[in-house]
1. So which lysines can LYS63 reach, going by Cα to Cα under 19 Å and dropping same-chain residues fewer than 8 places off?
2. Run the reach check for LYS169 against aspartates and glutamates, Cα to Cα strictly under 17 Å, same-chain hits fewer than 8 apart removed. What comes back?
3. Going by a ≥ b ≥ c, the root eigenvalues of the Cα gyration tensor, does the range 124-193 fall in the rounded group (a/c under 1.5), the prolate group (a/b larger than b/c) or the oblate group?
4. Please report, largest first and rounded to whole Å, the three semi-axes of the ellipsoid equivalent to the range 7-87, where each semi-axis is the square root of five times an eigenvalue of the C-alpha gyration tensor.
5. Check HIS117: other-chain or 5+ apart residues with amide H under 5 Å from its amide H, H built from backbone geometry?
6. Among ARG103, ARG147, what is the fewest-to-most ranking by other Cβ atoms within 10 Å?
7. Spelling out what I want: for every residue of the range 56-71, take phi, set θ = phi - 60°, compute 6.51 cos²θ - 1.76 cosθ + 1.60 (Karplus), and round to whole Hz; glycine and proline get x.
8. By the scheme Lys and Arg +1, Asp and Glu -1, what is the net charge of all other residues having a beta-carbon under 11 Å from that of TYR71?
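Please treat every number below as a calculation from the coordinates, not as lab data. Please read these numbers as outputs of a predicted model, since none were measured by experiment. A quick note on method: Cβ atoms are made from the backbone with ideal geometry, for glycine too, and the neighbour counts reach across all protein chains shown.
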Amino acid sequence: MIKTSIKIYNTLRNVVTEVYHKLHLEKYETPKGRKELIPNIDAVTLAIFKQSNGIATKKSLWKIITPKCSYKTLIVPINKTFEILKRIVNYMAISNRNGSENRGDFHKFLGERGIAHYFIPKSSPQWDGSVERAYGVIDQEYYLNPRRTWKTLSEYLMWYNYERIHLGKYLNGMIPIEKWQDYQLKVSPLKVN
């Protein structure tokens, strides 16, 4: 846990901790190997703190927080927070195909929990084109690849999102996490009241 005297950071961490536990996100933590020096709750809090306070670089964030760890030890977990934040957003609203598997009990389950459920119109893959393309790539590189080096789909997805260079129209040689961070800086700064 990162200890600091910055009141807004500590308040923000309390909010993140509450949301993290309410959504049961601890079940997505992978407890293998050494224990993380920066827990996921702190990594998410740091990412939101950086964006909401207009801190330009991660190096500046490291200097402001002054943790008892190296710059790299602090930054690696922050770079991985995209997956955690994506799960939080997915709890707020879900959009998917019109298939029968997405109606009935599943739709009722979401409604009971106050989660918005949107359906993509039939015969409209362009509404979800990036996801459809990603499914194709996952099939080719993971499921249909007899020489795959990843033991689990989770390992492959970490590589896909944090290491694999994407040469498509939207990522243009970037990895997805870089594109997300670029988007956050230019288009969608988070605001905390």
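1. LYS3, LYS7, LYS50, LYS72
2. Those aspartates and glutamates meeting the cut-off are ASP128, GLU132, GLU178, ASP182.
3. Numbers: a/c = 2.22, a/b = 1.66, b/c = 1.33.
Judged from the Cα gyration tensor, the range 124-193 comes out prolate (a/c at least 1.5, a/b above b/c).
4. Working: eigenvalues 79, 51, 24 Å².
Over the Cα atoms of the range 7-87, the ellipsoid semi-axes are 20, 16, 11 Å.
5. ILE94
6. Details: ARG103 12, ARG147 4.
Listed from fewest to most nearby Cβ atoms, that is ARG147, ARG103.
7. My calculation for the range 56-71 gives 5, 10, 5, 5, 5, 4, 4, 5, 6, 6, 6, x, 8, 8, 6, 4 Hz in order.
8. Details: positive: LYS58, LYS59, LYS63, LYS72; negative: none.
Around TYR71, the charge tally is +4.
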